[in-house]
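Asker: This is the structure I have questions about; it appears just below.
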Amino acid sequence: MTKIKLLSLFVILMALAALFQYRYDSGTDYFAEKNVFVTMPSGKTLKILSFGFHELTADMLFVWSIQFYSTYNLNNRFDYLENIFNAITDLEPRYKDFYIVGSWIMALEAKDIEMAIRLLEKGSRNMPDQWIFDYEASFYAYRNLKDYDRAVKYLRAAAQRPGAPSLIRRKEAHLIYMKDDLSQAYGMWVEIYNNATSQLDKDAAFKHLYQIKFEMDKKMLDKALEQFKQKYTRRPADLAQLVRAGLLKNVPLDFTGQNYLYDPQTGEISAIRMFKWKK
């Protein structure tokens, strides 16, 4: 009989709790935009408070942070972003995903590229055996900040890390080309071409060498064409006339040894193949 009474009491209490919860939910808009306040001790303090379970604490905070930054109706949630991920990475400084995912949230959600790069730089300091942090930082510097010099700096740092793939060197050479430093870029791609251990490296180097040689040759040809026009008040019928006029020693050929295309009506120089990486 006592068990029946306890069960009945439990059912009544559960029903009352459900009623109160229903009434509360009915008057509450959980998805309404609002501000929140979050305070968190430093990573050093949290490590002490975790009583030796700092890795578990870091994991729990990381999981909570993913949920927190997926709550899009919290207007000011990014105010605490850097502090939260600094605390997490102070608790467990050698877990790669904390830095990578944190930088994604900072760059893609909060749109704060400098903050994302700071977190990646911290990862690079704490894990000097990993190339991924400098590589990710180079991507943000190049794609978002359009800072080619800074992107190259990160790529060079990444290339020196253990196990850095050949992709790093290719990316660096491509950015040097994008900076319009054609001579240096050409030299780098020649080295990559000659030392290629995969068809991917070989193909990438070939395409860049073809395009860079064309751009260097075009500058020389355009200059000679302009000098010819100033001297004779017309364009040459073909590029060989530039040699006969003493403006060139010889007509350059493309990287495969083929003639460039020349339109005497417009004076336009083009190559058989074109790789339009620059807009």
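Asker: Name the residues in region 136-147 that are modelled with pLDDT under 95 and among the hydroxyl-bearing types (S, T, Y), would you?
Answerer: Within region 136-147, Y142 is the sole residue that qualifies.
Asker: Then there is this: Sort through K34, K47, K5 and tell me the only one that's among the basic types (K, R), closer than 30 Å to E109 by Cα and at pLDDT below 75.
Answerer: Step by step, each of K34, K47, K5 is checked, and only K34 is among the basic types (K, R), closer than 30 Å to E109 by Cα and at pLDDT below 75.
Conditions tested, residue by residue: (1) in a helix (DSSP H, G or I); (2) under 30 Å from L175 (Cβ atoms).
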| residue | (1), (2) |
| --- | --- |
| K47 | yes, no |
| W64 | yes, no |
| S70 | no, no |
| N86 | yes, yes |
| Y142 | yes, yes |
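Asker: Let me ask another. For the structure I just gave you, tell me whether N126 is under 29 Å from S42 (Cβ atoms), touching a Pro at 6+ places or on another chain (Cβ under 7 Å) and touching a residue at least 24 places away in the same chain (Cβ under 8 Å).
Answerer: Considered against the rule, which asks whether it is under 29 Å from S42 (Cβ atoms), touching a Pro at 6+ places or on another chain (Cβ under 7 Å) and touching a residue at least 24 places away in the same chain (Cβ under 8 Å), N126 comes out as yes.
Asker: Only one of these conditions is not met by R156: (1) under 19 Å from W277 (Cβ atoms); (2) surrounded by fewer than 16 Cβ atoms within 10 Å (Cβ to Cβ); (3) among the basic types (K, R). Which number is it?
Answerer: (1)
Asker: How many residues, within region 240-260, are aliphatic (A, V, I, L, M), more than 37 Å from the chain's Cα centre (by Cα) and closer than 24 Å to Y186 by Cα?
Answerer: Of the residues in that region, 2 qualify.
Asker: Specify the residue that is farthest from the chain's Cα centre (by Cα); the eligible residues are those in region 176-196 that are within 18 Å of D149 (Cβ to Cβ) and in contact (Cβ under 8 Å) with a residue 12 or more places away in the chain.
Answerer: Selected residue: S183.
Asker: Looking at (1) outside any helix (DSSP H, G or I); (2) under 16 Å from M40 (Cα atoms); (3) not basic (K, R), can you tell me which one P93 breaks?
Answerer: Answer for P93: the failing condition is (2).
Asker: Now, a different point. For region 76-130, give me the residue count where each residue is surrounded by fewer than 16 Cβ atoms within 10 Å (Cβ to Cβ), over 20 Å from the mean Cα position of the chain (by Cα) and either of a type outside the set (D, E, K, R) or within 23 Å of A159 (Cα to Cα) (or both).
Answerer: 3
Asker: Then there's this: For region 106-122, which positions are in contact with a Leu (Cβ under 9 Å, 6 or more places away or on another chain), assigned to a helix (DSSP H, G or I) and at pLDDT 95 or above?
Answerer: Scanning region 106-122 gives M106, I113, E114, M115, A116, I117.
Asker: Return yes or no: is R161 in a loop (DSSP other than H, G, I, E, B) and of a type outside the set (F, W, Y)?
Answerer: yes
Asker: Quick one: which helices (runs of 4 or more DSSP H) lie wholly within region 178-279 and hold at least 2 residues that are among the charged types (D, E, K, R) and buried (at least 17 other Cβ atoms within 10 Å of the Cβ)?
Answerer: 199-232
Asker: Go over the candidates K278, K219, K202 one by one and state the one that is of a type outside the set (A, V, I, L, M, F, W, C), within 30 Å of R143 (Cβ to Cβ) and touching a residue at least 40 places away in the same chain (Cβ under 8 Å).
Answerer: K278
Asker: Go through region 148-164 and give me each residue that's in contact with a helix residue (DSSP H, G or I) (Cβ under 6 Å, 6 or more places away or on another chain), of a type outside the set (A, V, I, L, M, F, W, C) and at pLDDT 95 or above.
Answerer: R150, Y154
Asker: Consider P252 carefully, then state whether it is in contact with an Asp or Glu (Cβ under 6 Å, 6 or more places away or on another chain) and not polar (S, T, N, Q).
Answerer: It is true that P252 is in contact with an Asp or Glu (Cβ under 6 Å, 6 or more places away or on another chain) and not polar (S, T, N, Q).
Asker: Do you know which residues across region 227-270 are under 21 Å from I212 (Cβ atoms) and charged (D, E, K, R)?
Answerer: Correct list: K249, D254, E268.
Asker: Then there's this: Taking region 141-178, which residues are more than 21 Å from D203 (Cα to Cα) and of a type in the set (K, R)?
Answerer: Within region 141-178, R143, K146, R150, K153, R156, R161 meet the criteria.
Asker: Which one of these does Y148 not meet: (1) surrounded by 16 or more Cβ atoms within 10 Å (Cβ to Cβ); (2) out of contact with any Lys or Arg (no Cβ under 8 Å at 6 or more places or on another chain); (3) closer than 30 Å to W104 by Cβ?
Answerer: (2)
The values are calculated or read from the model by the stated rules, or taken from the named source; none is laboratory data. None of the values given here were measured: they were computed from a predicted structure. Ideal geometry is used to build each Cβ from the backbone, glycine not excepted, and the neighbour counts take in all protein chains shown.
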